[in-house]
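The values are calculated or read from the model by the stated rules, or taken from the named source; none is laboratory data. Everything numeric in this text was worked out from a predicted model, so none of it was measured. As a convention, Cβ positions derive from the backbone with ideal geometry for all residues, glycine included, and neighbour counts pool all protein chains shown.
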Amino acid sequence: MSGPVSSRRCAQSLRLVLALLVVMLLLAVPNASATKRILLVGDSWAQWPWKMGAFQSVLNSNFGTNTVEVEGTYTALGGSTAAGWASNFVPDEGTFPSPPGYTNLPALDRITYSLNQYPSIDIIHLSISGNDMWSWRVGWTTDQENALFDTIQQNVQTVVSWIHTNHPKVKVLLADYDFLNITENCTYGMAEYNDTAALFSAALGFTLGDVFQNKANNQVLNTFFTHFSPRKIAVAQATPRCSYIQNWGNVQWRVGYTDSLGQLFLPQTVPFPGGAPNFTPLPGGDISYGTPPTYMNPINSSHPKQCDTIHLSPDGYKLMMDNCLVQYYAGWLTDTTPPTVQSITRIQPALTAAAQVQFLVTFSEKVRRVDVADFALTGEGATGASILAVTGDEDSTTRTGTVDISGAMDGPLGLNFVDDDSVFDVNWNAVGGEGAGNGDYSAGEQYIVDRSGPIGTIVINNNQSVTNNRNVTLSMTWYDGAGSGAARMRFSNDGATWSGWEPLAATKAYTLPAGEGYKTVRVQFLDKANNRSATFSDFIRVDTIPPTGTILINSNQPSTRSRNVTLSLAWSDGAGSGVTRMRFSIDGATWTAWEPMAATRPYTLPATPGYYTVRVTYRDAGGNISPRYSDYIKLVP
Ligand SMILES: [Ca+2]
Ligand SMILES: [Ca+2]
Ligand SMILES: [Ca+2]
Ligand SMILES: [Ca+2]
């Protein structure tokens, strides 16, 4: 960041600071054998730590010298804005020369250049947005703030997205700032006082006063700055391989607060600036104080307590790097183990007729950015099913996948994890390692979806239409398709009252209800997932009452001279199943075969003259046989 250049004296002072930095640059000699891992990109909060060697020093003390190295030669551009980066601005060639062989190389191309030059760099420390905020003045409304923030957020997103698109394996830490300070350095008479700070504060619209007034001013200024932080968080959350770190109050928390009047509070007596995922509290520290002046950059070697308003001292930036290291870089630099899917298991019973089922997905470590698109359904049950949601805490090891199977086909249903490198561990290692497909998982447990009942058939007495016996035999078949299989059956005479569920059997003895007439037997089947079938039925006519009838020989004449006579037959089965057959006997012992019905029938008497009785019985469709009916006639020679 840099302040508004509304005054010549302010600009002069900045030049002085820059001159100081050139000296520091000469002291920072990068070691050629160390591995470049972190590229510093952005404004003065990237440039100054780079020039000061502050970040490098923290890395050296944590990992040893010659191990991990930062780089920022062409990309740490003090004074740059998010708007500038988003439009790929051309840095001033005099202040920020292009790499050898280039002239006027635009800012984003400098990122590409640096990454090409040092392919081992896989982290970008990005500090932008501070310089976009200097149009702010005391008294701005929330609407004014938000309008400005909308634009800045868009530009920050553009830059981050550009990095992700063009250098997809690079992790970005969107680093926020620590508190500015316009308290002691604007209070006339204090050792920290300097005109640069006072003019800067006045240029923003503040009325300077005593230390309390300036502290109040400081709170207003820092409040404005911290109001933008949720926008940066939103950018990070919207972008893979991008994290946000809050630094508001970091120095306060680590060292307390001391100014030229003495110590105001001790280390760790104010809240630590909140980390991921919620970043609460935001800000950390005590916003009514700035970063302690002892950790703001000294601007006048003759008056070492005079301090910068905006930039930290090397020690201040070391503390910031320490925060970044503890929360992100330590993991980012050392974790080389990608996450994998360990298991996908059923949460509900395997056999299901439910409308929804859930799978528990367990990863080898905490993961992030898991969503519905990372999964696919498999098996016959996948047809007509859909993944409703994948839930679970970000940066946790498990997720729950909820699948809508209300319209699914019956059959097996599994959930597969499909690796498209959009799931990461907390250190942004892609699932299964870099590349799509190496993290696929398809060995999970399956449900058997069975939401439809079986189908079946029933016939009574092999489909005969009439019976004279209430004790019948039912024959059943059933089929459950790709489902769980039928398991039970039950019966009903009226469709209202049912027998208890009983094991399946292909045949069953059954007693029909009492009474003559049509009887319907209904059956239902139950599958193993407790789906009930539709009702299937057959009917049969019960007829237990024999027919009645008459017989006359030759129209009831008493005698005949011819052996060939005519029988006149009449019969009735009342409301029964109807008479279907008749048979005859001349002696009451031997009978003709059952024959079709006819109202008259020729009949031949025995040859010997005498009295003859012809007997008949009738049989109905149910097999009931009437009593014998008879008539007699005299055969005369
Ligand atoms: Ca890991
Ligand atoms: Ca992968
Ligand atoms: Ca079924
Ligand atoms: Ca009958």
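For ASP410, indicate whether it is of a type in the set (Asp, Glu) and at pLDDT 95 or above. No. Right, GLY64: on the phi > 0 side of the Ramachandran plot, without any contact (Cβ under 8 Å) to a residue 24 or more places away in the chain and in the same structural domain as PRO119 (by TED's automatic domain parsing) or not? Yes, satisfied. Applying the criterion of being closer than 27 Å to GLY411 by Cβ and not in a loop (DSSP other than H, G, I, E, B) to the residues of segment 503-531, the residue that is farthest from ligand 2 (Cβ to nearest atom) is VAL523. Screening THR544, THR535 for residues that are closer than 30 Å to ALA354 by Cβ, more than 16 Å from ligand 2 (Cβ to nearest atom) and of a type in the set (Ser, Thr, Tyr) leaves exactly one candidate, THR535.
Here ALA482 meets the list (1) hydrophobic (A, V, I, L, M, F, W, C); (2) outside the structural domain of ARG522 (by TED's automatic domain parsing); (3) away from ligand 2 (no atom under 16 Å from the Cβ) almost entirely, failing just condition (2). Within segment 64-96, the set of residues being under 21 Å from VAL156 (Cβ atoms) and in contact with a strand residue (DSSP E or B) (Cβ under 8 Å, 6 or more places away or on another chain) comprises GLY72, THR75, ALA76, LEU77, SER80, TRP85. In segment 44-158, counting only helices (runs of 4 or more DSSP H) that sit wholly within it, the ones holding 3 or more residues that are touching a Ser or Thr at 6+ places or on another chain (Cβ under 8 Å) span 44-52, 82-86, 107-117.
Condition check ((1) out of contact with any Lys or Arg (no Cβ under 7 Å at 6 or more places or on another chain); (2) more than 30 Å from GLY517 (Cα to Cα)) across all residues:
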site	(1), (2)
SER562	yes, yes
SER577	no, no
ALA607	no, yes
VAL614	yes, yes
ARG619	no, no
GLY623	yes, no
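Can you confirm whether segment 425-433 contains a residue that is away from ligand 1 (no atom under 16 Å from the Cβ), more than 30 Å from GLU516 (Cα to Cα) and within 22 Å of the chain's Cα centre (by Cα)? For segment 425-433, residues away from ligand 1 (no atom under 16 Å from the Cβ), more than 30 Å from GLU516 (Cα to Cα) and within 22 Å of the chain's Cα centre (by Cα): absent.
Listed conditions (1) under 30 Å from VAL357 (Cα atoms); (2) at pLDDT 95 or above are all met by THR497, apart from (1).
Conditions tested, residue by residue: (1) farther than 30 Å from THR239 by Cα; (2) within 15 Å of ligand 3 (Cβ to nearest atom).
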{"site": "ALA389", "(1), (2)": "no, no"}
{"site": "THR398", "(1), (2)": "no, no"}
{"site": "VAL403", "(1), (2)": "no, no"}
{"site": "PRO454", "(1), (2)": "yes, yes"}
{"site": "ILE460", "(1), (2)": "yes, no"}
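Would you be able to say whether some residue in segment 97-112 is under 23 Å from TYR328 (Cβ atoms) and touching a strand residue (DSSP E or B) at 6+ places or on another chain (Cβ under 7 Å)? Yes, the conditions are met somewhere in segment 97-112. For segment 398-444, taking the residues that are buried (at least 21 other Cβ atoms within 10 Å of the Cβ) and polar (S, T, N, Q), the one that is nearest to ligand 4 (Cβ to nearest atom) is identified as ASN429.
For segment 434-446, indicate whether the set of residues that are part of a loop (DSSP other than H, G, I, E, B) and within 16 Å of ligand 3 (Cβ to nearest atom) is non-empty. The answer is no; no qualifying residue exists. Can you work out which of the residues in segment 531-570 that are touching a helix residue (DSSP H, G or I) at 6+ places or on another chain (Cβ under 8 Å) and closer than 30 Å to GLY622 by Cα is farthest from ligand 1 (Cβ to nearest atom)? By that ranking, first place goes to THR566.
Within the bounds of segment 452-459, is there any residue that is in contact with a Ser or Thr (Cβ under 7 Å, 6 or more places away or on another chain) and within 16 Å of ligand 1 (Cβ to nearest atom)? No: segment 452-459 contains no residue that is in contact with a Ser or Thr (Cβ under 7 Å, 6 or more places away or on another chain) and within 16 Å of ligand 1 (Cβ to nearest atom).
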